[in-house]
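Contents: one structure, followed by commentary.
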Number of protein chains: 2
Amino acid sequence: MSDSATKTKPTRRDLLRERLIDAAEAAIAARGLSGLKAREIAAQAGCALGAIYTAFEDLDELILRVNSRTLAQLETSLATPTEGAKKGELARLAFAYLRYARENEQRWRALFEHRLPPEKPLPHWYAQDRDRLFGLLEAPLAELLPRQESPLRRQRARTLFSAVHGVVLLGLEEKLAPTPASTLESQLSDFIDIVSRGMTRGE
Amino acid sequence: MSDSATKTKPTRRDLLRERLIDAAEAAIAARGLSGLKAREIAAQAGCALGAIYTAFEDLDELILRVNSRTLAQLETSLATPTEGAKKGELARLAFAYLRYARENEQRWRALFEHRLPPEKPLPHWYAQDRDRLFGLLEAPLAELLPRQESPLRRQRARTLFSAVHGVVLLGLEEKLAPTPASTLESQLSDFIDIVSRGMTRGE
């Protein structure tokens with residue numbers, strides 16, 4: 001989860017980083033990204049405000065470290081034995097995603113709400129964490145679409161993830177209509193049926 | 001667009017409301033929802049800060065009035081002669097949505113980023129504006145799925161809109177991978193193909 005893990009004894013700086021990530025993680029989980037105040041995080045971790053900026057490049061890095069833990073949590077939630085079910089596996093992933101989002105709404109939102117300034121590239125370690133999550137989604141697509149080339153499959157995994165994300169996001173926010181839990185579940189299930197049929201019959 | 005339009009001469013309050021909506025609209029288009037400062041809006045509209053709260057219930061109402069104009073703009077962008085093309089019509093709508101989002105990114109975002117406090121119901125006039133937009137999406141579905149009952153069709157129109165929204169949102173933000181315009185367009189086109197096949201063959 002952290003690229004600072006080494007085989008040697010953690011340094012004081014490593015320990016401070018962990019405490020700061022813990023504090024920021026708790027703040028985001030409780031109050032969302034907009035509830036993150038550097039001063040409170042520092043107080044919680046028992047250090048001076050300025051110490052955040054010696055432990056991390058900046059506040060964006062601290063947030064990405066929390067988001068990286070969220071990605072790992074999400075990955076664990078999605079990665080359950082697959083039992084080789086094909087269409088069933090896509091539905092299982094979509095429903096596991098909905099459940100994770102519901103149960104961890106603030107930290108799930110923070111994954112998408114945090115934006116780096118345009119001039120700042122996404123750190124390599126974060127991109128790797130994110131891409132590992134997508135590896136998980138490509139497996140059931142590989143079963144459904146054995147003849148499709150891997151770059152296309154990779155792109156499609158991202159398309160379908162985005163589509164499911166949109167249904168979950170606007171459904172949980174009830175942006176388009178009042179959306180009780182049962183309606184959202186029936187939308188998701190209908191959606192996975194459509195997509196599964198559309199993919200297997202079109203190849 | 002505004003429920004204050006009547007056949008009688010507009011009152012001074014009506015004129016103030018229009019000026020304030022114009023100012024808020026320009027601020028959101030330029031700097032997004034987070035760039036909206038009540039003090040600047042009032043200065044722009046040539047009134048005291050407190051006048052905002054005599055002209056509108058609160059700042060949320062002012063934002064929803066701007067969002068209502070955005071919904072009307074979006075509706076105009078999506079509503080082009082359909083020529084009876086079936087699958088083609090879904091693709092046309094999806095691409096028109098992508099184009100609108102790209103060209104009006106800040107005000108498009110504001111539609112989704114603005115959230116009312118949980119205890120506050122969405123005003124009836126806003127829900128009507130939003131539902132009118134969905135009427136537009138139900139028409140091509142009615143052609144594709146003539147036998148489907150209308151409440152189910154209405155739900156599906158929302159599901160598909162949410163899915164397309166997710167693909168556009170995460171694609172424009174490049175949240176999941178570097179996403180050049182051509183990649184996003186090919187994702188959207190692949191997605192509409194899958195969905196069209198899945199819907200017509202499954203009924």
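The values are calculated or read from the model by the stated rules, or taken from the named source; none is laboratory data. These numbers come from a predicted model, not from an experiment. Here the Cβ is made from the backbone with ideal geometry for all residues, glycine too, and neighbour counts use every protein chain on show. All accessible areas refer to the heavy atoms of the entire protein, side chains included, with ligands and DNA or RNA removed. Shrake-Rupley method; radii C 1.70, N 1.55, O 1.52, S 1.80 Å.
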Label-point gap, in nm, between A:E149 and A:S77 - each point 7 angstrom along Cα→Cβ: 3.5 nm
Under a Gaussian network model of chain A whose springs join Cα atoms within less than 10 Å, the largest fluctuation of A:G88, A:G32, A:G50 belongs to A:G50
Complex-versus-alone comparison for the stretch B:139-173, residues with a loss of 50 Å² or more in accessible area, probe 1.4 Å: B:Q155, B:R156, B:R158, B:T159, B:S162, B:L170
Report the charge-dipole magnitude of chain A in Debye, nearest 20, computed about the Cα centre from +1 at each Lys and Arg Cβ and -1 at each Asp and Glu Cβ. 240 debye
Rounded to the nearest 0.05, what FRET efficiency do A:R115 and B:T200 have when you use their Cβ-Cβ distance and R0 = 45 Å? 0.75
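Over the stretch A:40-156, what is the relative contact order in whole percent, taking alpha-carbon pairs under 8 Å and six or more residues apart?
That works out to 28 percent.
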Quick check: pseudo-label points 7 Å beyond the Cα along Cα→Cβ at B:D193 and B:D14, how many nm apart are they? 5.3 nm
Estimated FRET transfer efficiency when R0 is 22 angstrom, pair A:E174-B:A38 (beta carbons, to 0.05): 0.25
Go ahead and set up a Gaussian network model of chain A, Cα springs under 10 Å, then flag whichever of A:K175, A:K120, A:K37 fluctuates most. A:K120
Ordered shortest first, which distances in nm separate the 7 Å Cα→C-beta label point of B:R12 from those of the other copies? 6.7
Nearest-10 value in Å² for the accessible area of B:D131, using the 1.4 Å probe: 60 Å²
I'd like the Karplus ³J(HN,Hα) series for the stretch B:62-73: coefficients 6.51, -1.76, 1.60, θ = phi - 60°, whole numbers in Hz, and an x wherever there's a Gly or Pro. 4, 5, 5, 5, 5, 4, 5, 5, 5, 4, 5, 4
Select from the stretch B:181-203 all residues whose loss of accessible area on going from the chain by itself to the full protein assembly reaches 40 Å² or more (probe 1.4 Å). B:Q187, B:D190, B:F191, B:I194, B:R197, B:G198, B:R201
7 Å along Cα→Cβ for the label point: how many nanometres lie between A:A43 and each equivalent label in the other copies, listed shortest first? 3.2
Among A:A127, A:A142, A:A26, which one moves the most in a GNM of chain A with springs linking Cα atoms closer than 10 Å? A:A127
For an R0 of 25 angstrom, estimate the FRET efficiency from the Cβ-Cβ distance between A:D58 and A:A30 and round to the nearest 0.05. 0.65
Relative contact order of chain A, pairs being alpha-carbon contacts under 8 Å that are 6 or more residues apart, as %: 21 percent
Inter-copy separations for A:W125, label at 7 Å along Cα-Cβ, nm, ascending: 5.2
Distance (nanometres) between label positions extended 7 Å along Cα→Cβ at B:A127 and A:S186: 1.8 nm
What's the total accessible area buried between chains B and A, using a 1.4 Å probe, rounded to the nearest 100 Å²? 3300 Å²
If you count only protein heavy atoms with a 1.4 Å probe, what accessible area per residue comes out for the stretch B:120-191, rounded to a whole Å²? 42 Å²
Where does chain B land at 222 nm, in deg cm²/dmol rounded to the nearest 500, when only DSSP H runs of n ≥ 4 count, each adding -39500 (n - 2.57), divided by all residues? -23500 deg cm²/dmol
